[in-house]
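Asker: This structure is in structure tokens; I'll ask about it shortly.
Coordinate-derived values only; no laboratory data. Keep in mind that what you see is a predicted model, and the values were worked out from it rather than measured. Here the Cβ is made from the backbone with ideal geometry for all residues, glycine too, and neighbour counts use every protein chain on show.
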Amino acid sequence: MRRFSFTCARIFLIFLFFLCLLAAEPHPHVWYYAIGGDLKKSDFDWQSKFQQNVTICFTGGKIGKDGKITWIEIPAYLLDSGIAKGVRWIPMFAFSSKTEGIRLLKSEHQRKALLGSLVGFFKKYPKYSGIHLDLEGLPSSSANDFKILLKELLPAFRTENRKLTIALFPQIGFSHEPSGFHSEISRIDLADEVVLMSYDLHSPKTKPGPVTGLSWTKENLTLLVKSYSPEQIWLGIPLYGYSWKTERKKPDIITRKSSSRKMAEFGRKKDGIHILENGSEFSSLIVDETDWTILVREFGIRGLAYWRLGF
């Protein structure tokens, strides 16, 4: 009886030991994109996302004429609640228009004005961890100007102890029109962190096909780690997909929330994504990210970045 009790006690202690190890394991690094306006909605369970090693990057910031910026504010209770749980809040900024973007990047005066605006922003909102530049839609002729801007911003951000993060288009197997603008900044380390936007391989601007692919993403990660260290890189994957129907010219947008059950049941998994293809429809959607998590571990990069919450 004593021997039995001793054995049980040993098993129980071993169980407790491994349970403690699991409890001590940190939450994996995750980046969530969010629509800025959703931060004020009461029907979204934000608390479920508030964990250690989570970054929430929210839209709404605009870079306008003469380097002036506008933004939205997070409700104070939400900001503080997230920070208390270990969340990094990073506002996203985009150009207000293509014309303003080209003009600003060309002008040293406007670039300096933008830098001053961003430093002033950090003084006003010291709880933000940095900013995210999602600058898209500009021609490849502005690629070098973008590189110059980042060279000017990065030292100032580090002086302010803030992170400069940027979104990057894939440089392999992607349309040159959007990716060309990012060609220079993809080849040299000019930011603290980057998000590889591994989506829209096929989109309303292309023929029907998968919205992303594991092998295509792997090619682009292999290229990107030559310029940025793995711990700087986030892998951006879509929580949406596209569904082409024979009677329509443009595809419908489908999401994890709306279509994962259908895609899991009727689609087939290929190259990390579920595909539903028949005589009248071609749809694609990442139903689960198991293969993508394995890819993150394979490259040793920072984590997955999801576009976006609500999908």
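Asker: Residues with beta-carbon under 12 Å from that of Pro204, excluding Pro204: net charge, scoring Lys, Arg +1 and Asp, Glu -1?
Answerer: With Lys, Arg at +1 and Asp, Glu at -1, the neighbours total +3.
Asker: With 18 Å as the cut-off, how large is the P(r) tail for the stretch 155-204, expressed as percent of Cα-Cα pairs?
Answerer: 38 percent
Asker: Right, another one. Output needed for the stretch 26-197: three equivalent-ellipsoid semi-axes, defined as square roots of 5 times the C-alpha gyration tensor eigenvalues, in descending order, whole Å.
Answerer: Working: eigenvalues 148, 66, 45 Å².
So the three semi-axes of the stretch 26-197 are 27, 18, 15 Å.
Asker: So if we plug the beta-carbon distance of Lys41 and Lys262 into 1/(1 + (r/R0)^6) with R0 = 30 Å, what FRET efficiency do we get, rounded to 0.05?
Answerer: Rounded to the nearest 0.05, the efficiency is 0.70.
Asker: Take the cross-link list Lys40/Lys226; Lys85/Lys123; Lys40/Lys270; Lys226/Lys270; Lys65/Lys127; Lys151/Lys270 and give me the ones stretching past 32 Å between alpha-carbons.
Answerer: On the way: Lys40/Lys226 40 Å; Lys85/Lys123 23 Å; Lys40/Lys270 38 Å; Lys226/Lys270 27 Å; Lys65/Lys127 26 Å; Lys151/Lys270 40 Å.
Pairs exceeding the cut-off: Lys40/Lys226; Lys40/Lys270; Lys151/Lys270.
Asker: Okay, next question. In the chain, what percentage of the DSSP-assigned beta bridges are antiparallel, given to the nearest 5?
Answerer: 30 percent
Asker: Of all alpha-carbon pairs in the stretch 155-311, indicate the percentage at a distance above 28 angstrom.
Answerer: Pairs farther apart than 28 Å: 24 percent.
Asker: Let me ask something additional. Would you calculate a helix-derived [θ] at 222 nm for the chain, using -39,500 (n - 2.57) for each DSSP H run of n ≥ 4 and dividing by the full residue count, to the nearest 500?
Answerer: Details: 9 runs with 111 residues, N = 311.
Rounded to the nearest 500, it is -11000 deg cm²/dmol.
Asker: Report the charge-dipole magnitude of the chain in Debye, nearest 20, computed about the Cα centre from +1 at each Lys and Arg Cβ and -1 at each Asp and Glu Cβ.
Answerer: Roughly 400 debye for the chain.
Asker: Could you check which residue among Tyr228, Tyr125, Tyr242 shows the biggest mean-square fluctuation in a GNM of the chain with a 10 Å Cα cutoff?
Answerer: Highest fluctuation of the listed residues: Tyr125.
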